[in-house]
Amino acid sequence: MVQTLAAAGELQRELTYDGLRAAEAKGNKGGRRPAIAAGATAAVRKAYLEGRSIAALARDHRVSRGAIRTAVADLLPDHTAAEEDVPAPELPVTLDMPGKVADFLRATDLDDVERAALDQGTTVRRGQGYTLRVTAVPAVHRQFLARCQPLDFGQGVPAVLAQRKARREYENRVSTLTPEP
């Protein structure tokens, strides 16, 4: 019984493919018909080349913007920035930096971008301490994290457990950002 069903399925598939090949031989390409009639496509393309927007053409012809894009697809720019392997610019993110980390970074030698980001931070009081809300691109946050590495018991800095904990908290917040390229 299974073999009979399999043979019926194969027969149906062959008949379908035969029908598609016959339609293709007649010039029918199959698929959904375009929303814009063949006669109107030339007018849409001409108007697009004259500077009309896709949205305006869609309103005029009472079709979707996607239908207009399909009609003028070969007139659209061939490539976009995403296709050129150009990295997308990093957007600034806001992270709360523990006050102990901020105090340590203020006492270290920072470059101009890092110093500006640190100086523009907003202080938020937290019980006995504070948090510095810093808005910068993820690369700057990673640089801050690298600069406060000595707080993790090393390089001649006295061991202060609260500073180590603050650095780890900041590290956890930075690690939630997009991974390093």
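Quick look at the numbers
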| quantity | calculated |
| --- | --- |
| Residue satisfying condition, being assigned to a helix (DSSP H, G or I) and at pLDDT 85 or above, within set Asp103, Asp96 | Asp103 |
| Tally of residues being crowded, with 18+ Cβ neighbours inside 10 Å and more than 15 Å from Leu118 (Cα to Cα) across region 137-152 | 1 |
| Answer residue from region 8-42, given it is among the aliphatic types (A, V, I, L, M) and open to solvent by 100 Å² or more (accessible area, probe 1.4 Å) and is farthest from Ala58 (Cα to Cα) among those | Leu11 |
| Hits in region 55-71 (condition: open to solvent by less than 100 Å² (accessible area, probe 1.4 Å) and under 18 Å from Ala37 (Cβ atoms)) | Leu57, Ala58, Asp60, His61, Val63, Ser64, Gly66, Ala67, Ile68, Ala71 |
| Subset of region 120-157 (residues that are in a helix (DSSP H, G or I) and at pLDDT 85 or above) | Pro138, Ala139, Val140, His141, Arg142, Gln143, Phe144, Leu145, Ala146, Arg147 |
| Pairs with Cβ under 7 Å, 6+ apart, first in region 113-134 and touching a residue at least 12 places away in the same chain (Cβ under 8 Å), second of a type in the set (Phe, Trp, Tyr) and part of a loop (DSSP other than H, G, I, E, B) | none |
| Residue within region 110-119 that is open to solvent by less than 70 Å² (accessible area, probe 1.4 Å), under 30 Å from Ala37 (Cα atoms), modelled with pLDDT of 85 or more and of a type in the set (A, V, I, L, M, F, W, C) present | no |
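The values are calculated or read from the model by the stated rules, or taken from the named source; none is laboratory data. This one's a predicted model, so the numbers in the text were calculated from it and none came from an experiment. Reconstructed Cβ throughout: ideal geometry from the backbone, glycine too, with neighbour counts over all protein chains shown. Side chains included, ligands, DNA and RNA excluded: accessible areas come from the protein's heavy atoms. Shrake-Rupley method; radii C 1.70, N 1.55, O 1.52, S 1.80 Å.
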